[in-house]
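The values are calculated or read from the model by the stated rules, or taken from the named source; none is laboratory data. What you see is a predicted model, and the numbers here were worked out from it, not measured in a lab. Please note: Cβ atoms are built from the backbone with ideal geometry, for glycine as well, and neighbour counts cover all protein chains shown. Calculation scope for accessible area: heavy atoms of the full protein, side chains included, ligands and nucleic acids excluded. Shrake-Rupley method; radii C 1.70, N 1.55, O 1.52, S 1.80 Å.
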Amino acid sequence: RFSALGDWELDKVFLEELESWECDHLQSTLNKILQKVSKAVQKGKEWKEVIPDAPFPAQSLVKGLAQVLALAASLADADRKLRDFVMDVVEWITGLKDNIASFRDPEFSEIKLKNLAKVR
């Protein structure tokens, strides 16, 4: 028999306490939290701060997820910059190869300096 939770065991006491807390704190239901987040966004406030962190660490999880997303975005940007850099190096090496092939040309030094200037 397949279980979506795999080998995980749910803490029934925690779930009961969470349900009890939610019943006692109806103002903290998901819809209320989403309304608070929406209002914070509209007012330009830090929306992550309006998410409660007890009894379930939702705020901490959201902040952690935001950090992971920020890291993913920066990695994508770094990947683009690395790709651009590699293409510049390939272009420079190709130009240098052409210069070396024309070593006997009197303009060799001038062309080489132009290609080196691109790399600097």
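Numerical summary
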| read-out | value |
| --- | --- |
| Top-ranked residue of segment 45-71 - restricted to ones that are at pLDDT below 85 and small (Gly, Ala, Ser), ranked as surrounded by the fewest Cβ atoms within 10 Å (Cβ to Cβ) | ALA54 |
| Identity of the residue in segment 2-44, open to solvent by less than 100 Å² (accessible area, probe 1.4 Å), among the charged types (D, E, K, R) and over 15 Å from GLN59 (Cβ atoms), that ends up modelled with the lowest pLDDT | GLU22 |
